[in-house]
Structures are given as C-alpha cells and as structure tokens.
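> Mind having a look at this structure? Questions to follow.
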Amino acid sequence: DDNQKYVNVNAKGEYALSGSLFLDYRNKADFSDFCNIIYGHHMEKKSMFGEVEEFKEQDFFDSHRYGFLYSDGKERGLEFFAFLEDDAYSDVIYNPELEDPEAKEEFLSYIKEHAVCIADLLVASEDHVVLLSTCTPEGTNGRYILVGRMLEEVPENPFRDQE
C-alpha cells in the first residue's frame, strides 16, 4: 500500500532494522513500467545498497557498468548509465507513473542534467529504466541513485565470479 512496510521488515515479513530491498508500491511487479524504483538501505560492508555510493567516483562508475536483476524466475541485465545525488522528495525522480513520451523525455533530461556521473548511452522513452535508491550518510533526505537501462539479456559480467 505504501513504501514504508519494507523499510524495517525483511522479505519474510519479520521485523528487521535493515529492512529489505523492495520495489516501489506504484510499480508493476513484472518491471514493465518505464521507471522502476528499487529501494534499499545504505548498509555497511557493502551489503544491500551499501556499495551504491561508490558509483559517484567516475573510475568506479566506468568500470562497473553492468548488473543483473533476478525477479519472478527471470534474469534481466542492467546497463548503468547515470549516478545522481538527489532529494528523497524529488517529484521528478521518484515518479514511477510516467506514461506519456514527453514526460519520459523530461525525466531522462533531468537525469542527464543532474548526474554526478553519466555514460554516453542513448536511452529512449521506449526503454525501461531501473533506479537503485538508497540514503546518503550526509543527510536525512539525501539519496544516492544509480540508474540503469533494463536489458532482456544479461551481459557478460567480469566481476560476477570475483566475489
């Protein structure tokens, strides 16, 4: 019903200070929306979204361009193209209900204009984007946001086997 439940509840529905990763309640569970927002806590030791902050460094961003998303028995690729620092109350970024092409283009323009790091990648209103959103340690409403374009196939990831 809202985005508060999983802030302090794990995937099993039990209380957990660390909460869990969760999709914005306004998004469709099949990731078919244009803008899909996944929230998670900024945790120590690189757990959950603790590593998202590292994408603000250009070298790290450039060398970690791909990821994958596993949901409902399907694995999809992610090609990261922007990293932003924004406010939790940004009506532009935190609006997964974008329908018309003009609003989608405005969203993409906002990302390009406000990105700390950005890749030279053509992203269009027909694509599906995923935002990985987590808190910044500096302020209550500050957010780190890693933005990726969803791919139907998972690109080869040279970092997957190094963990």
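> I need to check one value: relative contact order of the chain, counting alpha carbon pairs closer than 8 Å and at least 6 residues apart, in percent.
Worked out over the chain, it gives 26 percent.
> In debye to the nearest 20, how big a dipole does the chain give about its Cα centre with +1 on each Lys and Arg Cβ and -1 on each Asp and Glu Cβ?
I would put it at about 560 debye.
> Contact order normalised by length for segment 1-72, with contacts defined as Cα pairs under 8 Å and 6 or more residues apart; what percent is it?
20
> Can I ask one more? Taking the Cα centre of segment 28-110 as origin, work out the dipole magnitude from +1 charges on Lys and Arg Cβ and -1 charges on Asp and Glu Cβ, in debye rounded to 20.
Value, rounded to 20: 460 debye.
> Still on this model: Hey, which lysines would be in cross-link range of LYS28, C-alpha to C-alpha under 23 Å, not counting anything within fewer than 8 residues on its own chain?
Reachable lysines: LYS5, LYS12, LYS74, LYS104.
> Sticking with this one: Suppose every K and R has +1 on its Cβ and every D and E has -1 on its Cβ; what is the size of the dipole of segment 79-163 about the Cα centre, in Debye to the nearest 20?
So the magnitude is around 300 debye.
> Using 0.36 nm times the number of residues separating ALA11 and GLU105, minus their current alpha carbon distance, what extension gain do you get?
Result: 30.5 nm gained on full extension.
> Over the chain, what percent of the accessible surface lies on carbon and sulfur atoms, probe 1.4 Å?
Carbon and sulfur: 47 percent of the exposed surface of the chain.
> Could you tell me what percent of the DSSP beta bridges with both partners in segment 22-163 are antiparallel, to the nearest 5?
Roughly 85 percent of the DSSP beta bridges within segment 22-163 come out antiparallel.
> Taking the Cα atoms of the chain, what is the range of coordinates along each of the three principal axes, in descending order and whole Å?
Result for the chain: principal-axis Cα extents of 41, 38, 37 Å.
> A further question on this structure: What trypsin sites (Lys or Arg not before Pro) in segment 52-137 are in a loop by DSSP, with at most 13 other Cβ atoms within 10 Å of the Cβ?
The qualifying sites: there are none.
> Could I ask something else about it? Calculated from DSSP H runs of 4 or more alone, at -39500 (n - 2.57) each and per residue, what is the 222 nm mean residue ellipticity of the chain, nearest 500?
Value at 222 nm, helices only: -3500 deg cm²/dmol.
> Taking the solvent-accessible surface of protein heavy atoms with a 1.4 Å probe, what is the per residue accessible area of the chain in Å²?
Heavy-atom accessible area per residue stands at 58 Å².
The values are calculated or read from the model by the stated rules, or taken from the named source; none is laboratory data. Please read these numbers as outputs of a predicted model, since none were measured by experiment. Positions of Cβ are generated from backbone atoms using ideal geometry, with glycine treated the same way; all protein chains shown enter the neighbour counts. Remember, those area values only see protein heavy atoms, side chains included, never the ligands or the DNA or RNA. Shrake-Rupley method; radii C 1.70, N 1.55, O 1.52, S 1.80 Å.
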